[in-house]
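Everything below concerns the one structure shown next.
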Amino acid sequence: MKFYQLAFRYLCRKKSKAFILLLVLLFINSMILSSYIILRATEDSGSTMQEKMGSKVVLEVKESSQIITENEISAIRDLDGVIYVNRLTSNAVYPVNFNPVTNSDSEEENNWKVTLLSYDDLERDSAFSDLRYRLMRGNMITEGAEKGAVIDFVLADANGLEIGDEMKVGTETGNVISIKIIGIFVAGSERNQMDTLPAVNRIENRIFIDNESYTGLFDNAGYRKIAVYTKNPDQIDVLVQELEDFLGSRVEITTADILYRQLEVPLNRIVRVMKLMLVFTLVAGVTITSLLLCMWMRSRKREIAVFISMGKRKTDIFMQVFMETAAVFCLSVFGACAIGSGMAGMIKKLLMEETAADLLSVSLQARDMATMLFAGGCIAAIAVCISLLPILRTNPKDILSKMEG
């Protein structure tokens, strides 16, 4: 009878032992799978977090005459790790077909001007991103979206302006552009300003426009402030050094990666816990499975002695025991796949804070199962070798003499 036939018959005859081994291997494989899912998901989420957390370096010129040019911005975009550059600048202009809002009776020039604030993406690095201003209706200025102007609701009401209307602004040099209104916002503090405040400094007269419109109005336009976003928060110090070397002392550089640093802590904690759990599971798996099989091998000495007396090779005996364990191991793999994902989700909820939980995407993938098959298979093979080694190294005559005694 072949070794695999003997293995199948033995499992059918020793159902209770097979069931105990199945439970042990099911627990070990489930722990291996859960630990690896969390480790893999943490690594993937860490990479995603680096790109989405908005880690950035903010550069602001120290002197208004030392603006950052388009050529310099193009060079900054080409730096390693830079994923986005938001250009910001502002300037005072004259309204052409509308009037600024003012409570002052001053005849000074600033009481007849409005302030243009130019952005590539108004949802970043602005009063809208930190929730000081709120869009009432319409759209924001974003990259690839419709270009135009976002104005305060008080300015719109005072001049009868609506979304879709054209407003014109000009400079002292006579340049004039027409901008389509695409959004209307509210600050909430419009009524709290002093009456003596000149029009150019009032919130109601702040007009947000896109950079294309801004460069069309001003000759040799440049930028007073830029936000450089990086996909590698860990290398942000290197980026700062490169920017300092490139722009010199004409800019003040600050970093903004607090959110990434806060969320990096729980992710690193998960990695340490899961690595420790994985090592413990592997060591415990080899130990427990080996002890279990060793106890069973002691009770099977008589059976093995009979096989040896019948001329069975030690290789066949080893393959029979290995096939028995492999069959039970395969059943445990199916069970572990069914419960592994659920266990990983429970562990994630226990370890992650609410602010970072959404970043950790836990799901069962093919490489998770492949890792479990490899690690669990190694545990089973090592346990079989440990349990059979004393018997296979013993002289067959000694086994038979012990059986007769």
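Assess whether Leu79 counts as being modelled with pLDDT of 85 or more and more than 30 Å from Arg224 (Cβ to Cβ). Talk me through it step by step, then tell me what you get.
On the way: modelled with pLDDT of 85 or more: yes; more than 30 Å from Arg224 (Cβ to Cβ): no.
Against the criterion (modelled with pLDDT of 85 or more and more than 30 Å from Arg224 (Cβ to Cβ)), Leu79 does not qualify.
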When residues of region 140-182 are filtered for being within 17 Å of Asp120 (Cβ to Cβ) and charged (D, E, K, R), how many remain?
3
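Among the residues that make up region 222-237, is at least one of them surrounded by fewer than 18 Cβ atoms within 10 Å (Cβ to Cβ) and free of Cβ contacts under 8 Å to residues at least 24 places away in the same chain? Step through it out loud before you land on a result.
Quick first cut of region 222-237, residues surrounded by fewer than 18 Cβ atoms within 10 Å (Cβ to Cβ) only: 231-232, 234-235, 237.
Cutting the leftovers down to free of Cβ contacts under 8 Å to residues at least 24 places away in the same chain gives us 237.
Yes: region 222-237 contains one or more residues that are surrounded by fewer than 18 Cβ atoms within 10 Å (Cβ to Cβ) and free of Cβ contacts under 8 Å to residues at least 24 places away in the same chain.
Wholly within region 291-358, which helices (runs of 4 or more DSSP H) include no fewer than the required count, namely at least 2 residues that are over 30 Å from Arg9 (Cβ atoms) and modelled with pLDDT under 85?
On the way: elements: 301-309, 314-351, 354-357.
By residue number, 314-351, 354-357.
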Could you name every one of the strands (runs of 3 or more DSSP E) located completely within region 117-218 that has at least 2 residues being surrounded by fewer than 19 Cβ atoms within 10 Å (Cβ to Cβ) and under 35 Å from the mean Cα position of the chain (by Cα)?
134-138
Would you pick out the residues in region 1-50 that are open to solvent by 50 Å² or more (accessible area, probe 1.4 Å), at pLDDT 75 or above and in contact with a helix residue (DSSP H, G or I) (Cβ under 8 Å, 6 or more places away or on another chain)?
Phe8, Ile20, Tyr36
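The values are calculated or read from the model by the stated rules, or taken from the named source; none is laboratory data. From a predicted model like this one, the values you see are computed outputs, not experimental measurements. Cβ: placed from backbone, ideal geometry, glycine included. Neighbour counts: every protein chain shown. Protein only, heavy atoms only, side chains kept; ligands, DNA and RNA dropped before computing areas. Shrake-Rupley method; radii C 1.70, N 1.55, O 1.52, S 1.80 Å.
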